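Taking it in order: structure first as structure tokens, then the write-up.
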Amino acid sequence: MATNDKVTLFHSPNTRSSGALTLLEELGEPYDLHVLDMKAGEQRQPGYLAVNPMGKVPAIRHRGQIVTEQVAVFIYLADLYPQAGLAPAPDDPLRGPWLRWLVFYGSAFEPAVVDRSLKREPGRPGTMPYGDFDTTIATLKGQLAKGPWVLGERFTAADVLWGTALTWITGFGLVAPDPPLAGYVERWNQRPSVARVREIDAKLAAAQGG
């Protein structure tokens, strides 16, 4: 791969972009890291707002184009390196379920958890993008119970997204680590990529005074 063909990840340690960094580690391809110090407000400076006007990470730059939004970044990266086997091909029967569970994270799970963490009063189920919190969590548990991974026996980029998120969310007590979540989180945290990214983030955070 040519140097100018490498993906650049805009990353801040111990944030949602840690999941994208873990995915890059799982993919095993070279990448560049553009580190932002969020405590210093670098994500709100004009330089980064030109990349993502939302001031959020992760974002990636590749071949002169910018991709933002966590799930879009995951789909893009997994499809970019098909040899890693982390994205079912378009003609694979698992492609639809793979897309479903990636999008379910952003469209249902994360909004439900944020509402719960901020103690927002739930709206009528018919007006909520995720319906209701309990149904959202039960739906996820039902899928993970089929294990060991989101799509059963096959490990994919969806597991990088869910493994990272569930580690954080159960760790903060926003979702109880009941079965099958606890077993899933334990399996995920045994992957070498997780340890590597924790080490990277610890060094970056220390350099930023955190």
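Considering VAL114, VAL71, VAL67, which residue is among the β-branched types (Val, Ile, Thr) and in the same structural domain as ASP132 (by TED's automatic domain parsing)? So that I can check it myself, show each step before the final result.
Details: VAL71 fails: in the same structural domain as ASP132 (by TED's automatic domain parsing); VAL67 fails: in the same structural domain as ASP132 (by TED's automatic domain parsing).
None of the other options fit; the residue is VAL114.
For the range 133-146, name all the residues that are out of contact with any Gly (no Cβ under 7 Å at 6 or more places or on another chain) and assigned to a loop (DSSP other than H, G, I, E, B). Spell out how you get there, then give the answer.
Here is the first cut: in the range 133-146, the residues out of contact with any Gly (no Cβ under 7 Å at 6 or more places or on another chain) are 133-145.
Passing the criteria: only ALA145.
Considering each residue of the range 178-191, count those that are part of a helix (DSSP H, G or I) and either touching a helix residue (DSSP H, G or I) at 6+ places or on another chain (Cβ under 7 Å) or in contact (Cβ under 8 Å) with a residue 60 or more places away in the chain (or both), and give that number.
Step one: of the range 178-191, the residues part of a helix (DSSP H, G or I) are 181-188.
After this cut, where a residue has to be either touching a helix residue (DSSP H, G or I) at 6+ places or on another chain (Cβ under 7 Å) or in contact (Cβ under 8 Å) with a residue 60 or more places away in the chain (or both) as well, the list is 181, 184-185, 188.
Total satisfying the criteria: 4.
Determine whether ASP79 is among the acidic types (Asp, Glu) and outside the structural domain of PHE155 (by TED's automatic domain parsing). Explain how you work it out, then say what you get.
Details: among the acidic types (Asp, Glu): yes; outside the structural domain of PHE155 (by TED's automatic domain parsing): yes.
When the stated conditions are applied, ASP79 passes them.
Which ones in the range 16-65 are among the hydroxyl-bearing types (Ser, Thr, Tyr) and out of contact with any strand residue (DSSP E or B) (no Cβ under 6 Å at 6 or more places or on another chain)? Outline the logic, then answer.
As a first pass, look at the range 16-65 and keep what is among the hydroxyl-bearing types (Ser, Thr, Tyr): 17-18, 22, 31, 48.
Those that are among the hydroxyl-bearing types (Ser, Thr, Tyr) and out of contact with any strand residue (DSSP E or B) (no Cβ under 6 Å at 6 or more places or on another chain): SER18, THR22, TYR48.
What residue, of VAL197, VAL103, VAL150, is in contact with a Ser or Thr (Cβ under 6 Å, 6 or more places away or on another chain) and either modelled with pLDDT of 95 or more or polar (S, T, N, Q) (or both)? If you could, list the steps in order and put the result at the bottom.
Working: VAL103 fails: in contact with a Ser or Thr (Cβ under 6 Å, 6 or more places away or on another chain); VAL150 fails: in contact with a Ser or Thr (Cβ under 6 Å, 6 or more places away or on another chain).
On inspection, the qualifying residue turns out to be VAL197.
Across the range 163-176, what is the total count of residues that are part of a loop (DSSP other than H, G, I, E, B) and surrounded by fewer than 17 Cβ atoms within 10 Å (Cβ to Cβ)? Before the answer, list the steps.
Initially, the range 163-176 is screened for residues part of a loop (DSSP other than H, G, I, E, B), giving 172-176.
Now narrow it down to the ones that are surrounded by fewer than 17 Cβ atoms within 10 Å (Cβ to Cβ): 172-174, 176.
Final tally of qualifying residues: 4.
Does TYR130 satisfy the condition of being outside any helix (DSSP H, G or I) and hydroxyl-bearing (Ser, Thr, Tyr)? Steps first, please.
Working: outside any helix (DSSP H, G or I): yes; hydroxyl-bearing (Ser, Thr, Tyr): yes.
Yes: the conditions hold for TYR130.
The values are calculated or read from the model by the stated rules, or taken from the named source; none is laboratory data. Owing to the predicted nature of the structure, the values given are computational and were not obtained by experimental measurement. So basically every Cβ, Gly included, is an ideal-geometry build from the backbone, and we count neighbours across all protein chains shown.
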